[in-house]
Amino acid sequence: MRKPGKFDLKSLDFAALWRGLTRPRSGVADRVVPPTGFTAQLTLFAAGAMAFLAVFALALSLATGRLAERWSESLAQTVTIRISAPADQMETQLNAVLEALKSTPGTGEASVLGDDEVEKLLEPWFGPDVPVDALPVPQLVEITGSTSDFDAEALRLRLQAEAPDAVLDDHTAWRKPLVSAASRLRILGLFSLLLIAATSGAMITLAAKAALAANGQVIRVLRLIGARDITIATAFVRRFTRRAALGSGAGTLLGLLAVLALPGMNEAGGFLTGLGFVGWSWLLALLIRVVAAGIGFFATRWAALKMLREVR
C-alpha cells in the first residue's frame, strides 16, 4: 500500500519522467510532486486563510484613511465661536462678533445657532426636550465654508479685544487626534499585511520541504539519471505556485463577499461608513491573489533549492 503523498519507485516511469524533466513544458516534471496529501491541503488552506485575512486588513487600512480625511475636511471647513457673556452683555458681544466676521477675509458664511439647533447638539448627552432656556448654554456662532485666506489666529486676537467673552474654536484639537489615529491604524493595517505575507511564505515553505522530504528517494534516483537540482525544484515551484494561487483566489472571493455583507451607514449609525473598497481600491483586493502566487513561487523556489543543496 502506497502512503498518501509519496510515490512508489516501482510504479514510476523513469523514461517518461526524464523526458518531462528535460522538456519542462510537457508537464511531466510535475509528477515529482505528490498531487494529493497533507502538503496540498496545507498549501491550499494557508493561502486561502491568509488571503481572507488580507482582504480585511486592506479594507481596514483604506477605510480608516478615508474616514479620517472626511472628518478632517468637514471640521476644517467649520469654525465655531462660543460667547459666554452675562445676559445683559450677550447681545452687545454677539453684534461685535458678527461685525468682526464681516470684515475678516475668508470667513465664509456665519450663522447664529438658535435654541432648536442647540437642543439637537445637546440631545446625545442630555436626551430629548432639553430645557435650553433653563441651562447656562453659551451663544454659538457657526462659520461654514471658510477659505484658505481665513486666519483663525488673527480673528481670535481681534475677538479678545472686541468681545472678551467670545472664544474661537477652529477644531484643531479635534483634527490632530483624528489624523494621528488614522495614520496609526493605516500603519497597523499595512503591518498586518506584511505579517500575513510572511506567515503565508512560512507555511508554503514548510509544505514544500515536507513534500521534498517525502520524495527524497525519488529525488535521489532522478539525480542518478542526470536531473539537475534546478529542474527538480522547478517541478515543485510550479505545483505549489498553482496551489497558492488557487487557495488565495478562493480566500479573496470569500473575503470580498464578507466585506460586501457588512452593515451600511444607516444600520451601523454611520460609524462603519466607508469600511470596504471604493472605486479603484477594488483592484488592490484583486491583486492579493497575484501577490500570494508570487509568495508561493519565491518561497517554494528558495526552500527547494536550499534543501536540495543540503541533501546529497
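Each reported figure results from applying straightforward, stated rules to the coordinates on display, with no laboratory input. These figures come from a predicted structure and were not determined experimentally. Cβ placement follows ideal geometry from the backbone for every residue including glycine, while neighbour counts extend to all protein chains displayed.
Distances between placed amide hydrogens fall under 5 Å for residue 139 paired with 83, 85, all partners being 5 or more residues away or on another chain. Taking a sphere under 10 Å around the Cβ of residue 168 and counting the other residues whose Cβ falls inside, with K and R at +1 and D and E at -1, yields a net charge of 0.
Among the chymotrypsin sites (Phe, Trp or Tyr not before Pro) in the range 137-209, none sits in a DSSP loop with a Cβ that has at most 13 other Cβ atoms within 10 Å. Backbone geometry of the range 78-85 corresponds, through the Karplus equation with coefficients 6.51, -1.76 and 1.60 at θ = phi - 60°, to 3J(HN,Hα) couplings of 10, 10, 10, 10, 10, 10, 10, 9 Hz, x marking Gly and Pro. Going from the residue with the fewest nearby Cβ atoms within 10 Å to the one with the most, 103, 281 rank 103, 281. What's the local net charge at residue 91, with K and R +1, D and E -1, over the other residues with C-beta under 13 Å away? Spelling it out: positives minus negatives among the neighbours equals -3.
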